[in-house]
Amino acid sequence: AYLRIVRRADFEVSEWCITGFSNVHNHELLKYNEVQQLSSYCTITADDKSRICMYAKAGMSSFRNVEPDNDPIDLLKMCKEKKDRDPNFKYDYKIGANNRLEHIAWTYASSVKMYETFGDVVVFDTTHRLDTYDMILGIWIGVDNHGAYCFFGCMLLRDENMHSFSWGLKAFLDFMNGKAPGTILTDQNTWLKEALSKEMPDTKHAFSIWHIISKFSDWFSVVLGFQYDNWKAEFHRLYNLNSVEEFEIGWREMIDTYGLHGNKHIVSLYALRTYWALPFLRSHFFAGMSVSFQAELIDSFIQRFLSAQSELDNFVEQVGSVSDARDQFGAKLRIQQKGPKVSLKTGSPIESHAATILTPYAFCKLQEELVLAPQFATMLVDGSYFIVRHHTEVDNGCKVSWVPHDEFINCSCRNFEFSGILCRHILRVLSTNNCFHIPEQYLPLRWCNSTKSSQSSSSSSSGKVQLLQSMISSLITESIETEDRLDVACDHIALVLARIKEFPVTVDGANDIAYNSPSDSLMLPEVEDSDCIAQRLAGNNDHESLTFAKLEERRSRDEVDLYRKKSCPVPCCEHFGHVTSNCPMMGANELNGDEIGFL
């Protein structure tokens with residue numbers, strides 16, 4: 001029996017690592033009922049009690065007695081049976097010496113399909129161990145356009161080393177037809193880091209910040225004492241910075257302030273800063289998966305799969321059931337989110353435009369930025385870019401570059417590159433420069449209501465809706481300038497609405513049209529009563545209050561004269577304000593009665 005420990009340096013930090021263990025003794029051991037007589041087995045410490053409770057909560061304390069060498073082979077048998085029933089099921093494995101299962105990985109047809117659309121960002125969690133099989137459990141997770149987690153695949157590895165992880169990565173790529181994710185989040189693991197650089201060289205690798213933060217208490221609470229909470233707050237501030245230069249300066253100041261020179265954990269964190277600090281990661285797309293509050297959600301998702309190990313007789317089916325349950329939940333969520341209309345808060349044409357295209361999950365993220373945008377001031381510098389800063393600040397700010405004729409816009413905060421959602425700085429520049437819609441390239445398909453297959457067929461309609469929204473906004477702005485303009489606008493809009501209502505509505509698209517229709521804040525008085533208009537659009541400033549009060553007054557005065565009048569019954573006319581006897585179309589040079597009858 002032996003326990004082998006070696007000392008090695010990982011990322012310039014020396015640590016002791018366990019590399020081998022054997023529990024095979026060359027002498028007789030005490031019988032099971034005799035072991036309890038040894039003094040070391042007579043008590044249980046408080047730490048052991050706490051650990052047992054923790055394992056119980058994680059579903060790791062109730063296992064059947066199995067033969068360790070034979071049970072994984074049973075798992076392979078499950079995969080073969082599943083493949084026979086479902087040809088689209090995929091799995092791979094490796095058999096080692098003595099017919100021992102070394103590694104196995106599998107995925108499902110639904111997972112492969114989800115990965116085709118949402119495989120741009122992946123979390124690969126390898127922090128759990130399946131004690132039932134005494135193997136490391138690796139789970140691939142993503143997030144869909146509604147913010148729901150989706151299962152991509154899982155694997156079991158006998159050993160934790162670079163060769164094992166390389167095998168798992170190759171198997172996953174084979175399942176997904178060679179398509180590697182754009183970004184992958186993992187725990188801080190040396191062997192996994194080396195395997196990823198070899199098997200997925202073009203994928204951006206980052207460490208999950210929640211795995212790092214979870215170790216802070218053990219690393220720094222004793223060293224820093226009462227300063228620990230202040231240091232942790234400063235770390236979070238540095239982590240969320242936009243500028244690399246600010247991070248470097250702030251990191252050095254933090255070390256000086258708290259006397260952390262030479263601390264091995266600080267040295268290691270700094271050496272790996274490009275893998276976890278946001279200033280170095282914001283240029284890459286993460287779909288919101290890097291934020292620390294996601295840790296509990298992801299862990300809860302994984303616990304569903306860990307609980308499946310209690311059903312060893314059908315473990316593969318159990319994992320599939322959990323995956324299917326998540327897919328059904330996601331589908332139900334998509335249906336629920338599609339039904340009700342989203343709630344608009346600003347009355348901005350940009351907000352209305354985004355609501356017709358983005359999923360409610362993504363729209364809410366954009367809406368948060370849009371609500372905060374008015375708090376920022378914009379200053380044009382040298383006619384080439386804008387400096388956007390909060391109204392309470394006198395220095396700093398973000399640099400926004402905008403080329404209107406190319407519909408190109410970019411911000412130094414890089415929020416769009418990082419999350420796929422436009423930032424408050426860009427939205428402020430667009431709104432203050434009379435841009436009433438979001439350019440198409442800044443509405444990523446992965447956050448849109450339509451999937452890639454249906455997006456192409458509806459792109460034409462979507463573009464027309466955007467154009468209509470912009471026209472309506474301009475129509476209101478121009479019409480309220482004078483009474484004559486308002487009269488012309490109301491007359492012609494009534495005609496257009498009457499003509500539109502003559503066309504039949506397709507039943508199949510009714511729900512989509514109801515959801516994707518222009519915002520209520522842009523609807524005309526005939527559709528929305530004047531009280532709603534006053535509440536939603538008036539009140540932003542005195543000019544707007546007077547403007548919409550004027551619209552309300554105009555409607556109340558003219559609604560009897562205009563909206564309740566019957567249009568002329570003469571075909572090809574249908575104008576207001578006259579009847580058949582004095583219709584211009586009935587003149588000598590126009591149509592006669594016979595021709596009207598024919599029409």
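Here are a few things to note about the model shown:
- Selection from the range 170-187 of residues that are open to solvent by less than 50 Å² (accessible area, probe 1.4 Å) and under 24 Å from the mean Cα position of the chain (by Cα): F172, L173, F175, M176, A180, P181, G182, T183, I184, L185, T186, D187
- Residue count for the range 389-446, restricted to those that are out of contact with any Leu (no Cβ under 6 Å at 6 or more places or on another chain), in a loop (DSSP other than H, G, I, E, B) and among the β-branched types (V, I, T): 3.
- Members of the range 100-125 found to be of a type in the set (S, T, N, Q) and open to solvent by 10 Å² or more (accessible area, probe 1.4 Å), listed by number: S110, T117
- The number of residues in the range 74-99 being closer than 21 Å to S164 by Cα, free of Cβ contacts under 8 Å to residues at least 60 places away in the same chain, assigned to a helix (DSSP H, G or I) and open to solvent by less than 80 Å² (accessible area, probe 1.4 Å) comes to 2.
- Where a residue in the range 394-414 is without any contact (Cβ under 8 Å) to a residue 60 or more places away in the chain and its partner, wherever it lies, is open to solvent by 70 Å² or more (accessible area, probe 1.4 Å), with Cβ under 9 Å and at least six apart: G397/M379; S401/F408; W402/F408; E407/E440; E407/Q441; F408/Q441; N410/K399; C411/K399
- Selection from the range 18-37 of residues that are open to solvent by 100 Å² or more (accessible area, probe 1.4 Å) and assigned to a strand (DSSP E or B): I18, F21
For (1) among the aliphatic types (A, V, I, L, M); (2) at pLDDT below 70; (3) farther than 25 Å from G420 by Cα, each residue gets a yes or a no:
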{"position": "A308", "(1), (2), (3)": "yes, yes, yes"}
{"position": "F315", "(1), (2), (3)": "no, yes, yes"}
{"position": "V322", "(1), (2), (3)": "yes, yes, yes"}
{"position": "K341", "(1), (2), (3)": "no, yes, no"}
{"position": "S348", "(1), (2), (3)": "no, no, no"}
{"position": "I357", "(1), (2), (3)": "yes, no, no"}
{"position": "A362", "(1), (2), (3)": "yes, no, no"}
{"position": "K365", "(1), (2), (3)": "no, no, no"}
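- The helices (runs of 4 or more DSSP H) found wholly in the range 179-245 and carrying at least 2 residues that are closer than 17 Å to T257 by Cα and not hydroxyl-bearing (S, T, Y) occupy 216-224, 228-239.
- Evaluation of L156 against (1) among the hydrophobic types (A, V, I, L, M, F, W, C); (2) farther than 22 Å from H284 by Cβ; (3) at pLDDT 95 or above; (4) in a strand (DSSP E or B) (one fails), failing number: (3)
Quick grid of which residues meet (1) part of a helix (DSSP H, G or I); (2) in contact with a Cys (Cβ under 8 Å, 6 or more places away or on another chain); (3) modelled with pLDDT under 75; (4) over 25 Å from A206 (Cβ atoms):
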residue: F301; (1), (2), (3), (4): yes, no, yes, no
residue: D327; (1), (2), (3), (4): yes, yes, yes, yes
residue: Q337; (1), (2), (3), (4): yes, no, yes, yes
residue: K345; (1), (2), (3), (4): no, no, no, yes
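- Qualifying residue in the range 134-141 (condition: assigned to a helix (DSSP H, G or I), open to solvent by 40 Å² or more (accessible area, probe 1.4 Å) and over 21 Å from K83 (Cα atoms)): no
- Among the residues making up the range 189-202, those that are of a type outside the set (D, E, K, R) and either surrounded by 16 or more Cβ atoms within 10 Å (Cβ to Cβ) or in contact (Cβ under 8 Å) with a residue 24 or more places away in the chain (or both) are N189, T190, W191, L192, A195, L196, M200.
- Within the range 205-226, tally of residues that are open to solvent by 50 Å² or more (accessible area, probe 1.4 Å) and at pLDDT 95 or above: 0
- Odd one out for V429, checked against (1) buried (at least 20 other Cβ atoms within 10 Å of the Cβ); (2) modelled with pLDDT under 80: (2)
The values are calculated or read from the model by the stated rules, or taken from the named source; none is laboratory data. Since the model is a prediction, treat every value here as computed from it, not as a measurement. When we count neighbours, we look across all protein chains shown, and the Cβ atoms used for this are built from the backbone with ideal geometry, even at glycine. We work out accessible area using only protein heavy atoms, side chains counted, and drop any ligands, DNA or RNA first. Shrake-Rupley method; radii C 1.70, N 1.55, O 1.52, S 1.80 Å.
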